[in-house]
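Report on the following structure.
Readers should treat all values here as calculations from the given coordinates under stated rules, not as data from a laboratory. The structure presented is a predicted model; accordingly, all values stated were derived computationally and were not measured. With ideal geometry, Cβ positions are generated from the backbone for all residues, glycine too; neighbour counts draw on all protein chains shown.
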Amino acid sequence: MKEEFDYTTYARRFAIGYPIASQLLIQVYFWVIANIFIASIVHLVELSVRKTYHLTIYRGYFPVLLIAVVLGVLYGIISGLINILFDWKPFKDRPVGVVIILKGLFFLVIFSVFFYLTRNLLYEPAVQSFVPFNKNTWVYIYYPLLVFYAFMTLLINFINQVNKKYGPGVLVPLLLGKYRTPKEEERIFMFMDLSSSTTIAEQLGHIRYSEFIRDSFMDINHVLLRFGAEIYQYVGDEVVVTWLLGEGLQKLSCIQFFFACEREFKKRNDYYLQKYGVVPQFKAGLHLGKVTAVEIGEVKRDIAYHGDTLNTTARIQGMCKELGKTFLVSDYVVKISRLDKRFVIEDMGSILLKGKAEPTTIFSVENVKLD
């Protein structure tokens, strides 16, 4: 089964394999382009003034372009490092308003430092002999650039938020209208549902139960990138995870992911017992097949997946309680992934799932042999 290998796949694999480098490159690309853009505008304005007043002094575009690229690379690297810093847990636990203010202060300091470097270390040695600027001139240059950089910082933060919502490599296809019309994809879906959710909710009360769900989903999120997984939906105490076919089958990431989540919960066993008196356990169903991806909504846009694959996956997950198993997969997953060679599986028989005309053979998966 051949899968289309496009930009999204490349971007996602790079983001998973080199998360820090990926964040830095996004910032560097963005700020180099932004700096070239403002440098080009300044150069064109300069040409206009020169022609209007018949000035003979001309410094050329290359020195300005060189400064723009150098500063874009340096500014992008530092901005990327700051974003990585703010992704650390001490900042994640702070209110959004506080984080925005702190980022704003960092931005002001960085911009002021770079403006000083541009004026004293880059511009004057390279261009000052051609076009002498006095102190008042630099003051009037500082404020427009400050406004421009503030706006561009908001723009790159927006881009980062979109990347977090849709996952690496989705923004560009989204902007190009890839999902404006339905597009067929082969995907793997996993429905994960919290076990004994009603009992836990009664035990904790709705406020602490919401905190419990939040912490559980955060731990699942910590595992996502290592296995190339995307969050498709959160529905109450259920989370739907998806992979492009090749991503999920590579090193059996779609199977390894579930057991990695179990290890993550086990690692934080003391935290959950101390705070809630119970450790989260999820039951999951896994299936793969063709789905249709399309951009939906107007007030709130999103990418939705439609098809029998999702319905079948949900039904498989729903059989976990009845069969007394925590992880069930379809026979199609077993066949296409050669699952039996790496995990202990048990044939649960052919079951007529709700809403299906034909029975589906289901297997339970347990006890990872090769971790």
(request) For segment 38-43, take each phi angle, set θ = phi - 60°, evaluate the Karplus expression 6.51 cos²θ - 1.76 cosθ + 1.60, and give the result in whole Hz per residue in order, putting x for glycine and proline. (result) 5, 5, 5, 4, 4, 5
(message) Using the Karplus curve 6.51 cos²θ - 1.76 cosθ + 1.60 with θ = phi - 60°, what ³J(HN,Hα) values do you get for each residue of segment 205-211, in whole Hz, with x for Gly and Pro?
(response) x, 5, 5, 5, 5, 5, 5
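Starting with the highest mean, order 216-228, 173-185 by the number of other Cβ atoms within 10 Å, averaged over the residues of each peptide.
Values: 216-228: 17.9, 173-185: 13.4.
With the highest mean Cβ count within 10 Å placed first, the list reads 216-228, 173-185.
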(request) Please give the contour-minus-distance gain from ASP87 to THR199: 0.36 nm per residue of separation, less the Cα-Cα distance, rounded to one decimal in nm. (result) 36.9 nm
(message) If you take every DSSP beta bridge fully contained in segment 279-338, what fraction is antiparallel? Give it as a percent rounded to 5.
(response) 60 percent
(message) Quick one: 3J(HN,Hα) in Hz for segment 166-180, Karplus 6.51/-1.76/1.60 with θ = phi - 60°, rounded, Gly and Pro as x.
(response) 9, x, x, x, 9, 4, 4, x, 5, 5, 7, x, 4, 9, 5
(message) Under the 0.36 nm per residue contour assumption, what length would be gained going from the current alpha-carbon distance of TYR53 and GLN250 to full extension?
(response) 64.4 nm
(message) Run the numbers for VAL70 and LEU108: contour at 0.36 nm per residue of separation, minus the present Cα-Cα distance, in nm.
(response) 11.8 nm
(message) Can you list residues from other chains, or at least 5 along the same chain, whose modelled amide H is less than 5 Å from the amide H of PHE282?
(response) SER195
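Going highest first, how would you order 71-78, 327-334 by mean Cβ packing within 10 Å? Walk me through the numbers before you get to the answer.
Numbers: 71-78: 18.6, 327-334: 22.2.
Ranking, from highest mean packing down: 327-334, 71-78.
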(message) Tell me whether segment 267-368 comes out rounded, prolate or oblate; compute the Cα gyration tensor, take square roots of the eigenvalues as a ≥ b ≥ c, and use a/c under 1.5 as the rounded threshold.
(response) oblate
(message) Among 308-320, 21-33, 143-155, how do they line up by average Cβ neighbours within 10 Å per residue, starting with the highest?
(response) 308-320, 21-33, 143-155
